[in-house]
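**Q** Can you read through this structure? Questions will come right after.
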Amino acid sequence: DAYQMGTGMGFASATTAGVAALIKAYYPELTGSQIRNLLIENVTPRGDVEVEKNIRLDDGQQTQDLFLFGDLCLSGGILNAYQAILAADKLQN
């Protein structure tokens with residue numbers, strides 16, 4: 001009965017696994033590699049957006065720096081379940 005804001009890989013991996021399971025439920029004949037490619041290739045692009053990221057310096061101190069979103073992740077975008085489902089449907093038809 002409550003919602004919570006969160007960030008990080010824990011939330012991202014759970015969301016990604018959920019979308020992968022959704023695709024597998026509707027398209028059980030797809031392989032893991034095909035589903036992975038669908039998730040990576042069908043994102044909402046954010047490659048050129050700057051984001052702040054905490055980093056640890058060599059001396060152990062933490063600071064923030066700006067990075068391009070595309071430099072921080074393989075896909076360069078945000079998971080888009082709708083687009084991934086549409087692409088899966090095209091792949092099967």
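**Q** Ignoring ligands, DNA and RNA, what percent of the 1.4 Å accessible area of the chain is carbon and sulfur?
**A** About 53 percent, which is the carbon plus sulfur part of the accessible surface.
**Q** Averaged over every viewing direction, what's the projected area of the C-alpha convex hull for the chain? Give it in nm², one decimal, please.
**A** Convex hull of Cα atoms, orientation-averaged projection: 8.2 nm².
**Q** Please sort 40-47, 54-61, 28-35, 81-88 by packing, taking for each peptide the average over its residues of neighbouring beta carbons within 10 angstrom, highest first.
**A** 81-88, 40-47, 28-35, 54-61
**Q** Please compute the per residue accessible area over the chain with all protein chains in place, 1.4 Å probe, rounded to a whole number of Å².
**A** With the other protein chains kept in place, the chain gives 76 Å² per residue.
**Q** Oh, and also: Using the Kyte-Doolittle scale, find the helices of the chain whose mean hydropathy is at least -0.5 and whose Cα atoms extend 24 Å or more along the helix's long axis, counting only whole DSSP H runs.
**A** Going by DSSP H runs, the hits are 9-26.
**Q** Related question: Would you mind counting up the charge near LEU74? Only other residues with Cβ under 15 Å from its Cβ, with Lys and Arg at +1 and Asp and Glu at -1.
**A** 0
The values are calculated or read from the model by the stated rules, or taken from the named source; none is laboratory data. What you see is a predicted model; the values in this text were computed from it and never measured. Neighbour counts are summed over all protein chains in view; Cβ atoms, including those assigned to glycine, are modelled from backbone coordinates with ideal geometry. SASA here: full protein model, heavy atoms, side chains in, ligands and nucleic acids out. Shrake-Rupley method; radii C 1.70, N 1.55, O 1.52, S 1.80 Å.
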